[in-house]
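Working notes, structure below.
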Amino acid sequence: MTTTTQLDMPDPAGRAELQQHIEDARDSLRRARTALLTAVAAGRRGGLTWAQIGSALGTTRQSAWERFSHHIEAHP
């Protein structure tokens, strides 16, 4: 097993850049989750069935319903 020492770490500016990449990815993930929830809600309002939404997501009707229905019902 290898251990990372302070000498193996990037310089402080490099670490700050690595941290910024993580924060940017986190923010992108949040935006993507919001966009997906918005799209699913719009699909339901537009008359899509849970089966159609599940198909678009590559999952089952039941999985789509379990994942999104409580969000949509709470925030119509």
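If all Cα-Cα distances of the stretch 33-76 are sorted into 10 Å bins from 0 onward, what percent lands in each bin, rounded to whole numbers?
Pairs per bin, as whole percents: 32, 64, 4.
Where Lys and Arg each count +1 and Asp and Glu each count -1, what net charge lies around Glu17 among other residues with Cβ under 13 Å from its Cβ?
Result for the neighbourhood of Glu17: -2.
Under the 0.36 nm per residue contour assumption, what length would be gained going from the current alpha-carbon distance of Glu17 and Ile72 to full extension?
Extra length from Glu17 to Ile72 when fully extended: 16.1 nm.
Give me the distance in nm between label points sitting 7 Å out from Cα along the Cα-to-Cβ direction at Ser28 and Gln62, one decimal.
3.4 nm
Bear in mind that the values in this text are calculations on the coordinates, not laboratory data. Values in this document were obtained by computation on a predicted structure and should not be read as measured data. Methodologically, a virtual Cβ is constructed for each residue, glycine included, from the backbone with ideal geometry; neighbour enumeration extends over all protein chains shown.
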